[in-house]
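The values are calculated or read from the model by the stated rules, or taken from the named source; none is laboratory data. As the structure is a computational prediction, the values presented were derived from the model and not from experiment. Each accessible area value is taken on the protein alone, full model and side chains, heavy atoms only, with ligands, DNA and RNA left out. Shrake-Rupley method; radii C 1.70, N 1.55, O 1.52, S 1.80 Å.
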Amino acid sequence: MGRTRVLVVDGHRIFAEALATALAAEPDVDVGAAGSAVAAERALERAVTEHRPYDVVLVDVDLGAVPPARDPAALPAPRPASPVPQQRPAQPQLTMRQAPAGRAEEARPLTDGIALVARIRRAHPQVRAVLLAAADDPQRAARALQAGAHGWVARESSLSALMTVVRGVRRDETHLPPALLTGVIRELTSARRDRSESERLVAALTPREEEVLRCMVAGLGRQAVAERLFLSPHTVRTHMQNVLGKLGVHSTLAAVAVARRAGIAPSEPPGPPVPVPPPTVASAAGPGAG
């Protein structure tokens with residue numbers, strides 16, 4: 001199987017460096033590390049450009065999570081106010097993890113590990129992803145598998161256990177802790193049942209109503225749908241009402257959710273018209289010419 005290139009993606013620098021160091025001691029493993037989703041995606045792209053792609057990514061499932069606020073009851077009692085209180089400007093609430101000192105990261109939305117795995121699997125389908133988790137969570141583990149992950153491992157696992165998973169996922173195996181299996185199967189079965197019901201509802205739509213639904217999934221409003229499908233806004237409104245009624249929902253957002261569960265893809269804008277070549281002299285003259 002050759003050497004295995006592993007990328008560790010974890011916002012906790014000490015943990016990431018310790019894990020990378022331990023993995024690098026394996027004779028057949030090359031290791032890289034990234035402290036954020038942005039850094040991980042850059043590292044993966046750079047590795048492909050250098051013709052040294054990663055084989056496995058180990059991703060913190062809570063990547064980018066904001067630490068919970070401290071309980072006010074646990075805070076020490078405030079000191080008595082001074083005779084001349086100092087007015088201090090209000091500090092803005094942090095909404096994302098601060099980058100380590102010396103590594104300025106531009107402000108970006110938070111991305112958890114499962115969302116990152118989904119993006120990685122779309123951009124790099126050959127990469128196998130394993131989630132590192134502090135606790136067993138069947139619901140999140142099922143979401144991870146649906147996003148394309150091949151494994152779910154406890155953060156406190158031994159190095160030998162982790163390497164068993166890494167080598168297993170390279171062989172396209174799926175690894176889950178035994179304690180999670182029953183819960184994950186239950187979650188996946190429930191999701192499959194929801195998908196089947198959604199597919200049944202969508203199957204009741206006419207071809208035109210399904211086209212309208214796909215436009216709704218694409219985020220188009222009534223006027224935009226009318227322009228896309230060359231219909232009047234009034235006709236589109238009627239189709240939208242029929243779609244909501246047949247899907248048994250009361251809002252566009254709920255209809256889109258049903259469509260997504262049924263695997264309905266968003267409508268794509270029409271491409272440029274295909275140019276028609278001008279008629280040749282012989283064809284323009286008609287049969288028998290000359």
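Overview of values
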{"quantity": "Protein accessible area in segment 138-250, 1.4 Å probe - carbon and sulfur %", "calculated": "52"}
{"quantity": "Surface per residue (accessible, 1.4 Å probe) for segment 116-171, Å²", "calculated": "43"}
{"quantity": "Cα gyration tensor shape of segment 1-58, rounded if a/c is under 1.5, else prolate or oblate by comparing a/b with b/c", "calculated": "oblate"}
{"quantity": "Amide H contacts of V31 (H built 1.01 Å from N, under 5 Å, at least 5 apart or other chain)", "calculated": "V6"}
{"quantity": "For A154, residues with placed amide H under 5 Å, excluding near neighbours", "calculated": "A133"}
{"quantity": "Amide H within-cut-off set for A218, under 5 Å, with H built and near neighbours excluded", "calculated": "S267"}
